[in-house]
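Q: Have a look at the structure that comes next, please.
The values are calculated or read from the model by the stated rules, or taken from the named source; none is laboratory data. These numbers were taken from a predicted model, which means no experiment stands behind them. Counting neighbours? That spans all protein chains shown, and the Cβs are built from the backbone with ideal geometry, glycine included.
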Amino acid sequence: MYRYDELDQSLVEQRSAEFRSQVERRLAGKISEAEFKPLRLMNGLYLQLHAYMLRVAIPYGVLSSKQMTKLADIADKYDRGYGHFTTRQNIQYNWPKLIETPDILDDLASVQMHAIQTSGNCIRNVTTDPFAGVAADEEVDPRPLCELLRQWSTLHPEFAYLPRKFKFAVTGSAVDRAAIKVHDIGLRVKSGPNDTVLTDIWVGGGQGRTPKIAQLFKANLPVEDLLPYLEAIMRVYNRYGRRDNKYKARIKILLAETGLEALQQQVEAEYQSIDQTAFSYIESEYARIAGNLIKPEYHTATEAPTRTNAEFEAWRRQNVKPHKQSGYAIAVVSLKPAGGIPGDATSIQMRAIADIAERYSSSELRVTHRQNLILPHVLESDLFSVWELLVKVDLAEANIDLPSDIIACPGLDYCALATARSIPIAQSVSKKIRATELTTDLKGVSVNISGCINACAHHHVANIGVLGLNKSGVENYQLTLGGRNDQNASIGQRIGPGVAADDVPEAIERIVNFYVDVREIHESLPDTFDRVGKEPFREAVYG
Amino acid sequence: MGDDAQIVYSDGRIETRNAQSTTGFQQVDGETDPGTLTPFTTQSIIVNFNSIADGRGFSLVKAIRQNTGYQGAIFASGDINPDHLSFAFQVGFDAVIVSAERWQKYGGDSWRAALNPAVRLSYSQTHSKSLQSIWQQRHRI
């Protein structure tokens with residue numbers, strides 16, 4: 001993982017001091033809530049239904065044991081002993097007091113963390129493949145580019161007041177685990193001739209009320225030319241993106257209204273006007289970052305794994321993924337116990353997993369956009385010991401990539417924008433579907449539940465999407481099928497009228513059972529849906 | 001003070017000016033499309049921010065100098081408060097014109113404090129004398 005130098009560290013400390021003075025002026029009544037709002041939002045502080053919520057950045061999802069321990073300490077000291085991991089690989093605290101938020105930021109800065117640009121109409125935390133740097137199928141490690149983007153976008157004075165928020169995702173594998181095609185900008189890093197790094201730029205993906213799949217905007221751009229090119233895209237978006245309607249303000253709408261070719265021409269013209277000499281350092285900065293990544297020392301297994309049992313084998317089959325280093329494995333830690341709150345972890349669990357990582361995974365952890373955690377460097381011979389420790393703190397649910405591995409937003413239990421609850425729905429769905437998935441092969445079937453049209457749980461690109469709405473004061477859940485968030489990204493289709501909260505688990509069960517009945521060998525749910533069409537599925541649910 | 005505006009310069013000077021003394025400065029809207037800029041005839045330009053929620057004015061300084069060859073002073077005015085001063089100097093504004101009303105609203109102390117910003121580092125190159133570029137420092141350019 002990337003280690004701050006003194007300059008990175010100073011900047012984070014200075015930003016924390018700046019925010020402290022802003023909070024002090026707010027508390028002293030020198031600035032109004034209206035004036036404070038854009039300042040607090042630039043630093044991840046929301047005012048939710050019941051309290052402030054602080055969103056802490058976990059840049060591209062990478063954490064050390066020390067950082068995770070600090071997150072646990074913050075949960076105990078300033079919150080109610082838990083945190084919520086999100087689809088942007090961040091963590092949210094739901095109950096901080098305004099007066100204490102500057103202290104939280106100081107605590108974060110002490111472990112090279114911050115909340116810079118985790119909200120507001122600016123460039124948000126960059127996300128990537130949670131298996132970055134360790135995936136067996138990876139072509140280029142995306143982390144150096146992610147860190148370069150983090151630095152470039154941090155407090156960039158031109159892009160702090162954009163028409164709307166702006167999200168980047170990066171992948172370095174042909175199999176896209178970062179959902180790059182549903183981001184404002186998705187980057188695919190590839191290896192070019194003579195050890196060069198090239199990038200494909202995908203623009204205009206997004207979710208919310210107008211879901212769009214990104215279009216290939218620029219192919220094979222050398223990485224050293226990337227920042228001026230991104231500046232050109234950002235300037236054109238900032239200039240022409242709509243400001244009259246916040247629901248039409250994302251770059252996906254600008255792309256749709258302008259057309260791909262015309263937008264490419266505008267960006268190209270802007271790119272030509274940029275003084276390239278100001279970016280002459282990119283190549284050396286990229287190399288510096290890549291060289292500064294702390295790499296684990298891999299060892300050869302000293303003993304063959306001997307201990308095993310049926311439960312462990314089930315966990316290994318479901319939660320352990322192939323590592324590029326022979327003898328090692330990637331262990332995915334589920335934050336989705338059947339009936340639990342997706343993405344929530346208690347301080348006890350956070351400390352336990354930090355300790356496990358310290359002992360068995362080179363002190364490194366990851367947060368996934370599916371709201372789970374990862375131990376990225378585990379010796380295969382240590383897997384049983386790791387599993388035993390996870391069992392002790394209820395973190396050993398063997399359900400990664402199964403339907404009960406649900407993504408859910410905070411919904412009406414916390415969020416000021418929500419129109420319906422999502423957490424209780426996720427709890428009842430996971431309880432019901434868990435029984436089915438233990439006896440039937442449902443690997444790869446994704447269920448995502450959003451509590452409003454803003455689609456924070458990415459329901460549009462789930463195999464089974466659930467969208468909670470409010471119809472005349474009653475919660476109502478729309479079902480979409482056939483979405484995908486990988487390299488073949490597609491938007492799910494609504495299959496019929498919404499159902500009541502209590503009926504969602506049964507409806508999902510019917511969808512899954514129908515899929516199992518009609519699927520061909522190795523056919524995914526969206527592929528089955530594409531083949532047989534909407535009607536039979538509709539019939540299965542409502543018939 | 002009355003109606004006098006305060007001009008806060010990037011080098012830390014603060015100057016009191018009669019509101020009329022900026023008549024004759026050429027006004028440019030922060031929302032202006034840089035492609036439509038024509039050569040300027042005055043020695044002072046004011047870029048007006050109608051709303052800070054619209055950050056386009058921060059990209060305009062570079063464009064004015066690049067597209068028109070203009071070499072005079074560029075001021076920012078409008079919906080700018082002390083928290084935006086540092087960004088304005090980073091992108092190359094020479095000074096921010098603060099109306100008497102805004103000066104009073106936030107208080108002279110806040111404006112003066114903003115000249116010594118807490119954040120004194122930026123990653124990319126910067127025009128502000130209060131800030132150092134981390135990348136320049138790392139790569140000695």
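Q: Would you check if A:Tyr281 is under 30 Å from A:Glu224 (Cβ atoms), over 24 Å from the mean Cα position of the chain (by Cα) and crowded, with 19+ Cβ neighbours inside 10 Å?
A: In short, yes.
Q: Of all residues in segment B:29-44, which are closer than 14 Å to B:Val91 by Cβ and within 15 Å of the chain's Cα centre (by Cα)?
A: B:Gly30
Q: Same structure again: Do you know which residues across segment A:262-274 are part of a helix (DSSP H, G or I) and either at the interface with another protein chain (Cβ under 10 Å from one of its Cβ atoms) or under 19 Å from A:Val189 (Cβ atoms) (or both)?
A: A:Gln266, A:Ala269, A:Glu270, A:Ser273
Q: Would you please list the contacts, defined by Cβ atoms under 7 Å and residues six or more apart or on different chains, that run from a residue in segment A:337-362 that is closer than 16 Å to A:Gly61 by Cα to a residue that is of a type in the set (Asp, Glu) and assigned to a loop (DSSP other than H, G, I, E, B)?
A: Listed by first residue and then by second, the contacts come to nothing, as the list is empty.
Q: Now a separate question. Considering each residue of segment A:512-527, count those that are touching a residue at least 40 places away in the same chain (Cβ under 8 Å) and either farther than 30 Å from A:Gly204 by Cβ or in contact with a Cys (Cβ under 6 Å, 6 or more places away or on another chain) (or both), and give that number.
A: So the answer is 4.
Results for (1) surrounded by 22 or more Cβ atoms within 10 Å (Cβ to Cβ); (2) among the basic types (Lys, Arg); (3) in a loop (DSSP other than H, G, I, E, B); (4) at pLDDT below 95, shown as yes or no for each residue.
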{"site": "A:Arg366", "(1), (2), (3), (4)": "yes, yes, no, no"}
{"site": "A:His369", "(1), (2), (3), (4)": "yes, no, yes, yes"}
{"site": "A:Ile374", "(1), (2), (3), (4)": "yes, no, no, no"}
{"site": "A:Leu383", "(1), (2), (3), (4)": "yes, no, no, no"}
{"site": "A:Asp401", "(1), (2), (3), (4)": "no, no, yes, no"}
{"site": "A:Ala420", "(1), (2), (3), (4)": "yes, no, yes, no"}
{"site": "A:Val429", "(1), (2), (3), (4)": "yes, no, no, no"}
{"site": "A:Gly444", "(1), (2), (3), (4)": "no, no, yes, no"}
{"site": "A:Leu467", "(1), (2), (3), (4)": "yes, no, no, no"}
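Q: I would also like to ask the following. With the structure loaded, tell me whether A:Lys190 is modelled with pLDDT of 95 or more and not in a helix (DSSP H, G or I) or whether it fails that test.
A: yes
Q: With respect to A:Gly172, determine if the residue is farther than 24 Å from B:Ser124 by Cβ, away from chain B (no Cβ under 14 Å) and surrounded by 24 or more Cβ atoms within 10 Å (Cβ to Cβ).
A: Here the answer is yes, as A:Gly172 does meet what is asked.
Q: Which members of segment A:177-210 meet the condition of being buried (at least 22 other Cβ atoms within 10 Å of the Cβ) and out of contact with any strand residue (DSSP E or B) (no Cβ under 7 Å at 6 or more places or on another chain)?
A: Answer for segment A:177-210, where residues must be buried (at least 22 other Cβ atoms within 10 Å of the Cβ) and out of contact with any strand residue (DSSP E or B) (no Cβ under 7 Å at 6 or more places or on another chain): just A:Gln207.
Q: What number of residues within segment A:352-381 satisfy the criterion of being among the hydrophobic types (A, V, I, L, M, F, W, C) and at positive phi?
A: Counting residues in segment A:352-381 that are among the hydrophobic types (A, V, I, L, M, F, W, C) and at positive phi gives 0.
Q: Name the residues in segment A:238-285 that are hydrophobic (A, V, I, L, M, F, W, C) and in contact (Cβ under 8 Å) with a residue 60 or more places away in the chain, would you?
A: Across segment A:238-285, the qualifying residues are A:Ala249, A:Ile251, A:Leu263, A:Ile282.
Q: Name the residue, out of A:Tyr82, A:Tyr93, A:Tyr60, A:Tyr52, that is more than 20 Å from A:Asp413 (Cβ to Cβ), aromatic (Phe, Trp, Tyr) and in contact with a helix residue (DSSP H, G or I) (Cβ under 8 Å, 6 or more places away or on another chain).
A: A:Tyr60
Q: Taking into account only those residues within segment A:469-483 that are assigned to a loop (DSSP other than H, G, I, E, B) and modelled with pLDDT of 95 or more, which is surrounded by the most Cβ atoms within 10 Å (Cβ to Cβ)?
A: This residue is A:Gly483.
Q: Next question, about the same structure. What's the number of the condition A:Ile289 fails, among (1) hydrophobic (A, V, I, L, M, F, W, C); (2) within 19 Å of A:Ala132 (Cα to Cα); (3) at pLDDT below 95; (4) surrounded by 18 or more Cβ atoms within 10 Å (Cβ to Cβ)?
A: All conditions pass for A:Ile289, except number (3).
Q: Continuing with the same structure: Can you name the residue in segment B:34-49 that is of a type outside the set (A, V, I, L, M) and at pLDDT 95 or above and, of all such residues, is nearest to A:Lys37 (Cα to Cα)?
A: Result: B:Phe49.
Q: Taking segment B:75-103 on its own, how many of its residues are more than 21 Å from B:Ile64 (Cβ to Cβ) and without any contact (Cβ under 8 Å) to a residue 60 or more places away in the chain?
A: 5
Q: What number of residues in segment B:114-141 are in a helix (DSSP H, G or I), more than 8 Å from every other protein chain (Cβ to nearest Cβ) and either out of contact with any helix residue (DSSP H, G or I) (no Cβ under 6 Å at 6 or more places or on another chain) or surrounded by fewer than 16 Cβ atoms within 10 Å (Cβ to Cβ) (or both)?
A: Number of matching residues: 0.
Q: Away from chain A (no Cβ under 11 Å) and touching an Asp or Glu at 6+ places or on another chain (Cβ under 6 Å): which single residue out of B:Ala95, B:Ala100 fits that description?
A: Answer to the check: B:Ala100.
Q: Moving on to the next point. Scan segment A:275-290 and give yes if some residue there is touching a strand residue (DSSP E or B) at 6+ places or on another chain (Cβ under 6 Å) and in a loop (DSSP other than H, G, I, E, B), otherwise no.
A: No, segment A:275-290 contains no residue that is touching a strand residue (DSSP E or B) at 6+ places or on another chain (Cβ under 6 Å) and in a loop (DSSP other than H, G, I, E, B).
Q: For segment A:120-163, what are the residues that are within 14 Å of chain B (Cβ to nearest Cβ) and polar (S, T, N, Q)?
A: A:Asn121, A:Gln151, A:Ser153, A:Thr154, listed by residue number.
Q: Can you find, within segment B:54-92, the residue that is nearest to A:Leu39 (Cα to Cα) among those that are within 10 Å of another protein chain (Cβ to nearest Cβ) and polar (S, T, N, Q)?
A: B:Asn81
Q: When you check A:Arg20 against the structure, is it at pLDDT 95 or above, charged (D, E, K, R) and surrounded by 19 or more Cβ atoms within 10 Å (Cβ to Cβ), yes or no?
A: Criteria not met by A:Arg20.
Q: Another question, if that's okay. Tell me, yes or no, whether segment A:47-64 has at least one residue that is at pLDDT 95 or above and farther than 25 Å from A:Asp184 by Cα.
A: Checked segment A:47-64: at least one residue is at pLDDT 95 or above and farther than 25 Å from A:Asp184 by Cα.
Q: Here's something else I'd like to know. Taking segment A:251-279 on its own, how many of its residues are hydrophobic (A, V, I, L, M, F, W, C), under 23 Å from A:Lys167 (Cβ atoms) and in contact with a Pro (Cβ under 9 Å, 6 or more places away or on another chain)?
A: Selection size over segment A:251-279: 4.
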